[in-house]
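Undergrad: Below is the structure I would like to discuss, written out as structure tokens.
The values are calculated or read from the model by the stated rules, or taken from the named source; none is laboratory data. Predicted model only: the values in this text are computed from it and were never measured. Ideal geometry is used to build each Cβ from the backbone, glycine not excepted, and the neighbour counts take in all protein chains shown. Remember, those area values only see protein heavy atoms, side chains included, never the ligands or the DNA or RNA. Shrake-Rupley method; radii C 1.70, N 1.55, O 1.52, S 1.80 Å.
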Amino acid sequence: MPATATVNAPQTAAFLEELRAIRRRAEALLARVQGDAAFSWQPHDGRAWSVGQCLDHLNQTNRLYLSAIRDGLAGQPRAAAPVTTPVRSTWFGRWFAASMEPGTRKMPAPKKVIPRSAQRRADVSAEFFRTLDEIQAVLEDAATIDLNRAAFPSPLFTLSRVRAGTGFRILLAHLRRHLAQAEKVVTQHARSR
């Protein structure tokens, strides 16, 4: 569940807190997954994603979205102090970010971000934590940029522009969604043995 910003807190503060919670959740998840076999195990006779595929999908999506967000932030005016105006999203932006949260309707992954199979736990996990580090660095750097004004073309949907603040909301909700999916896979794997 997304954090709520306090009055006069920087726009990025709640996002950074959400990201810290996501990191803790991912560390706990990976502590329960020992070895490449468990990491690559797919429930429903191989018709559903493994933990590795969930994280690989997140890695691909994080790279794609973060690149677009960086481009949207580049060259934006910077304030002398962190921006404290609450992040606002359009109706569609709020709906789309909410649709990325865990427990919402399943959606097919766009072709650009379909996960690969048979990835090594060490490689995928290291890349996952690198992408979290990159998201954190971009958020920290963006503290003096108004995330309501900076926007970028959606990397997945043509003809759609996304406010940077909404982009971060989508990215964090998407992380929560697929971490919840991976946690279910770990539970299913434990029951299947």
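Undergrad: In a Gaussian network model over the chain where Cα atoms closer than 10 Å are linked, find which of TRP95, TRP49, TRP41 has the largest mean-square fluctuation.
TA: Greatest mean-square fluctuation among the candidates belongs to TRP95.
Undergrad: Sort 52-63, 97-108 by packing, meaning the average of other beta carbons within 10 Å per residue, with the highest value first.
TA: Highest to lowest by the protection proxy: 52-63, 97-108.
Undergrad: On to the next question. Just the ratio, please: alpha-carbon radius of gyration of the chain over 2.2 N^0.38 Å, N its number of residues.
TA: Output field value: 1.05.
Undergrad: Okay, moving on. What ranking, highest mean first, results for peptides 78-86, 15-23 when packing means the other Cβ atoms within 10 Å averaged over each residue? Could the numbers behind the result be given before it?
TA: On the way: 78-86: 12.9, 15-23: 18.1.
Packing order, densest peptide first, comes out as 15-23, 78-86.
Undergrad: Then there's this: How big is the gap, in Å, between the Cα center of the range 71-119 and the Cα center of the range 147-164?
TA: 9
Undergrad: Using modelled backbone amide H atoms (1.01 Å from N, in-plane), which distant-in-sequence or interchain residues come within less than 5 Å of GLN42's amide H?
TA: none
Undergrad: Ordering SER50, SER117 by how much accessible area each has at a 1.4 Å probe, largest first, what is the list?
TA: Heavy-atom accessible area, descending, gives SER117, SER50.
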